[in-house]
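Throughout, read-outs are computed from the coordinates displayed, never taken from laboratory work. A quick note: this is a predicted structure, and the numbers were derived from the prediction, not measured. Using ideal geometry, Cβ is built from the backbone for each residue, glycine included, and neighbour counts are taken over all protein chains shown.
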Amino acid sequence: MSKGQEILVRALANALDKVSPGLKAVLETHLRVSLGEGLEVAYSDPKKFKEAVAKLFGEYSSRLLEMVVIDQVKDVLGGSEPPNTLEELVEILKEVYGE
């Protein structure tokens, strides 16, 4: 797992645990069944990840999770302008860690 992917997956896991301890397991199972990957798909294909989350929890909850994750990771990015979407966040992480 790359450094950027590790940071994003950890942020997702923390965000899900904050909301409800069982939520991470539910989402992981849904992602593995529907996409064949776990939380790491958020890094490899953020668009598919968001679609899968929206299908499970609804579009509003998907966007809320996206915003919480961005908020958690923005400190790692330093003084740069915070991203508005998961796709932008992944691009920045890849640039920062040379991936």
- Message: Can you tell me, using C-alpha contacts under 8 Å and at least 6 residues apart, the relative contact order of the chain as a whole percent?
- Response: 30 percent
- Message: Quick check for me: using +1 on Lys/Arg Cβ and -1 on Asp/Glu Cβ, what's the dipole size of the range 3-96 about its Cα centre, in debye to the nearest 20?
- Response: 280 debye
- If you project the alpha carbons of the chain onto their three principal axes, what span does each projection cover, largest first, in Å? 34, 23, 21
- Item | Table column - 3J(HN,Hα) (Hz), the range 48-65, Karplus curve with 6.51, -1.76, 1.60, x for Gly and Pro | 4, 4, 5, 5, 5, 5, 5, 5, 7, 10, x, 5, 4, 5, 4, 5, 4, 4
- Message: Name the residue from Ile92, Leu16, Ser2 whose Cα lies farthest towards the positive end of the charge dipole of the chain, charges +1 on Cβ of Lys and Arg and -1 on Cβ of Asp and Glu.
- Response: Leu16
- Computed ³J(HN,Hα) along the range 87-99: with the Karplus parameters 6.51/-1.76/1.60, θ = phi - 60°, integer Hz and x for glycine or proline, the list is 4, 5, 4, 4, 4, 5, 4, 5, 5, 4, 9, x, 9
- Calculate the spin-label point distance for Ala54 paired with Leu23, positioning each point 7 Å from the Cα along the beta-carbon direction, and give it in nanometres. 1.9 nm
- Query: Quick one: what does P(r) look like for the range 1-55 with 5 Å bins over all Cα pairs, in whole %?
  - Reply: 4, 22, 31, 28, 14, 1
- Could you sort 3-9, 81-87 so that the peptide with the highest average Cβ count within 10 Å comes first and the rest follow in order? 3-9, 81-87
